[in-house]
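Below is one structure, written out as structure tokens, with a few remarks after it.
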Amino acid sequence: MTEVSMVVNGRKVSGNVEGRTLLSAFLRENLGLTGTHVGCDTSQCGACVVHVDGAAVKSCTMFALDAEGADVATIEGQAAPDGTLNVIQQAFQDYHGLQCGFCTPGMVMSAAALLKENPKPSEAEIRDYLEGNICRCTGYHNIVRAIMAASGQDVPAVAAE
Amino acid sequence: MYNFEFVKPATVDEAVAALQAEDAQPLSGGQTLIPTMKQRLNAPSTLVSLIGIDSLKGVSEAGGVLTIGAGTTHATVAAEAGAYPALAALAGGIGDPAVRNRGTIGGSLANNDPAACYPAAALGSGATVVTNTREIAIDDYFQGMFTTALEEGEIITAVKFPIPEKANYQKFEQPASRFALVGVFVAKTADGVRVAVTGASEEGVFRWTEAEAALSANFAPGAIEGLSASADGLIGDLHGTPAYRASLIKTLTKRAVTAA
Ligand SMILES: Cc1cc2nc3c(=O)[nH]c(=O)nc-3n(C[C@H](O)[C@H](O)[C@H](O)COP(=O)(O)OP(=O)(O)OC[C@H]3O[C@@H](n4cnc5c(N)ncnc54)[C@H](O)[C@@H]3O)c2cc1C
Ligand code: FES
Ligand code: FES
């Protein structure tokens, strides 16, 4: 076991891990931050997306030890301390951007990364950016609408694909 | 996944030394290696993470040559390789944003997946692979699916791309894997045209030399109208037959020439 330290949602944390401990496992099992979901564990679905030093990454496809010293943001750090949802989360609620909710943490974290890079994305840019985030419930339609709304744009009758 | 010892050196020399350990292997972005280790297709006893080595990162241009550090992510190449727009566009089309934020050019070329995008760009551009010990011309580098000229313990440090007059990459995406079902990279240089094909052959990336000759004489899609790519040795799987892939090679080559 090796000790690893990083900052998660603004808080300094550390724990003992093996070489093979994935960042997703460290977040969920060592820190109890189970909001980061593991859907496929094969790098395909994006349910596990977190930000490492500001960049969206699949936490199931990174070793915890490679995040030594990094600044990590997860879904648990998105709402205000009093529980008020952030603008993306609130838009997902308002526009029914989730059904079972399993993909939602990854969707919200990917959406946050997109809006940081591109504050007013088009519908096509949103769909393109979410290529690595799979949702088996919503058909994506309302997720795209929610992100349009979160970016302060009119939510047109975005055509269902 | 079997456990291993994890080391994270800060310099290439330290990494080369650490790779002397038995069954040691380099780890770059992990976007290929971690999934294969989960499947136990790969079980190194030591992993040498290269991502703490700053000298392996960055994009620079000098004298018409674009040099990319092996540890540069696809996202960084997409954003910073503006001097070679076809290459920047190729990098921006790999996988999805999270894969592009971790995956690196060195990892992609070391792995030589038969459906990967960078091998087509490197072969199509006539690039040079720089390692800790030597420079390898790209025509000597790829040696069949998942096989390269790299020796045990040798690390790619950078890749040098001569910037062509015109180039374009056409990727026909396999939507489930996000890799290329077939991809064609065309580059026109003062010395002629190169056409590199990925995703199609059992042997990995290859040059379509008949099309190169025809396009060197006349750089127009019509120049290859009379040619057809051979289906011999092409991949046949549930996504496409060899004949389908052969047909895609020609179609994508024409599109690349038009778009270049
Ligand atoms: C969902 C998904 C979609 C993808 N889509 C595409 C796609 O469309 N096109 C595409 O081209 N790729 C695609 N990839 C693969 C991706 O581009 C990988 O990043 C790349 O193949 C490997 O780079 P890496 O840095 O992650 O390498 P790693 O996984 O860390 O390493 C790969 C191999 O290279 C070796 N290695 C790494 N760095 C070096 C070095 N500097 N010197 C010597 N050996 C080294 C490792 O030991 C290992 O054997 C996809 C991956 C995923 C998960
Ligand atoms: S759990 Fe990480 S991509 Fe699916
Ligand atoms: S809401 Fe169920 S998987 Fe997306």
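A few comments on the model shown:
- Reported count of residues in the range B:210-239, each being on the phi > 0 side of the Ramachandran plot and either among the polar types (S, T, N, Q) or not in a loop (DSSP other than H, G, I, E, B) (or both), is 0.
- Complete set of residues in the range B:103-154 that are in a helix (DSSP H, G or I), within 7 Å of ligand 1 (Cβ to nearest atom) and surrounded by fewer than 21 Cβ atoms within 10 Å (Cβ to Cβ): B:ASN111
- Test: residue in the range A:84-102 that is outside any loop (DSSP other than H, G, I, E, B) and touching a strand residue (DSSP E or B) at 6+ places or on another chain (Cβ under 6 Å): no
- Residue count, the range B:97-121 (criterion: over 22 Å from B:GLY144 (Cβ atoms) and without any contact (Cβ under 8 Å) to a residue 40 or more places away in the chain): 4
- Test: residue in the range A:103-125 that is within 30 Å of B:LYS38 (Cα to Cα) and in a loop (DSSP other than H, G, I, E, B): yes
- Filtered by the rule that a residue be more than 18 Å from A:ILE75 (Cβ to Cβ) and touching a helix residue (DSSP H, G or I) at 6+ places or on another chain (Cβ under 8 Å), the range A:96-141 gives A:HIS96, A:ASN118, A:PRO121, A:GLU123, A:GLU125, A:ILE126, A:ARG127, A:GLU131, A:TYR140.
- Residue ID - surrounded by the most Cβ atoms within 10 Å (Cβ to Cβ), chosen from residues in the range A:48-83 that are more than 11 Å from every other protein chain (Cβ to nearest Cβ) and assigned to a loop (DSSP other than H, G, I, E, B): A:THR74
- Every residue from the range B:87-102 that is within 19 Å of B:LEU181 (Cβ to Cβ) and either within 14 Å of chain A (Cβ to nearest Cβ) or within 16 Å of ligand 2 (Cβ to nearest atom) (or both): B:ALA89, B:GLY92, B:GLY93, B:ILE94, B:GLY95, B:ASP96, B:VAL99
- When the range B:26-67 is filtered for residues that are at the interface with chain A (Cβ under 9 Å from one of its Cβ atoms) and either closer than 18 Å to B:GLU152 by Cα or among the acidic types (Asp, Glu) (or both), the ones remaining, listed by number, are B:LEU27, B:THR46, B:LEU47, B:SER49.
- Within the range B:28-48, the set of residues being surrounded by 23 or more Cβ atoms within 10 Å (Cβ to Cβ) and in contact with a strand residue (DSSP E or B) (Cβ under 6 Å, 6 or more places away or on another chain) comprises B:SER28, B:GLY29, B:LEU47, B:VAL48.
Only the coordinates and a few stated rules stand behind these numbers; no lab work does. Because the structure is a prediction, the values reported are computed rather than measured. Because the Cβ atoms are built from the backbone with ideal geometry, glycine has one as well, and the counts that use them run over all protein chains shown.
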